[in-house]
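Comments concern the structure below.
What follows draws every value from the coordinates through simple rules; no lab data is involved. In this text, all values refer to a predicted model and were calculated from it rather than measured experimentally. Ideal geometry is used to build each Cβ from the backbone, glycine not excepted, and the neighbour counts take in all protein chains shown.
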Amino acid sequence: MMGWMTRTMRTLTGLTGALFLMLFCLNILRILLRYFWGVAWLWEPDFSRLLFVWIVFIGGAVLYAGKGHLVVDFFITRMKPHIQKRMHFIMDLVMLIFLGLLVYKGIEVTLIRMRIPFDTWDFPIGYAYLAVPVCGAIMVTITLVRMTQFLRGEKDDP
């Protein structure tokens, strides 16, 4: 990957870790407050849901960038190396179409959900849905970089 892409992925990895730590601490605090002092925060489950959605989508984008996602490559590994590269390009092209659709539909759903608040919190649930087009756009960028590297004949980092 390019230098700016590597730095961006490191930043997103750190952000994912920080959000996870925040979610973990918040839930520990929630348990302690409820069982030892009988205090329940009504807004906390919705906030946890918001954090969880962002953690999953940002983490998915980071894994996609590092090629850490699950791939079934049984047939591709049995092909000649030059055909493997072309197949990876074709898979990136299909992925680009899927991700473009994900971003487009994600924006549609996010705009609709911005008018609906969380259950116990006067905050639009659309901010949770916003993770879909934002992280989808990150994955589109990653895919375009990979495809550009292929077309230029540059070595793609694993």
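Which length gain, in nm to one decimal place, applies between LEU151 and TRP4 when the Cα-Cα distance is subtracted from 0.36 nm times their residue separation?
Working: separation 147, 0.36 × 147 = 52.92 nm, distance 1.96 nm.
Value of the extension gain: 51.0 nm.
Give the average over all directions of the projected area of the C-alpha convex hull of region 59-111, one decimal, in nm². Write down the numbers at each step before the final one.
On the way: hull surface 17.7 nm².
Mean orientational projected area (region 59-111, Cα hull): 4.4 nm².
Round to a whole angstrom and tell me the spacing of the C-alpha centers of region 61-92 and region 132-146.
Value for the Cα centre distance between the two parts: 17 Å.
Taking R0 as 22 Å, what FRET efficiency do you get between PHE89 and LEU63 from their Cβ-Cβ distance, rounded to the nearest 0.05?
Details: r = 20 Å, r/R0 = 0.92.
The calculated FRET efficiency here is 0.60.
Could you list the trypsin sites (Lys or Arg not before Pro) in region 41-107 that lie in coil according to DSSP, counting only those with at most 10 other Cβ atoms within 10 Å of their Cβ? Let's see the in-between values first.
Working: sites: ARG49, LYS67, ARG78, LYS85, ARG86, LYS105; in loops: LYS67.
Of the trypsin sites (Lys or Arg not before Pro), not one in the loops of region 41-107 has a Cβ with at most 10 other Cβ atoms within 10 Å.
Candidates (1) 1.03; (2) 1.41; (3) 1.30; which is the computed Cα Rg over 2.2 N^0.38 Å?
Read-out taken from this structure: (3).
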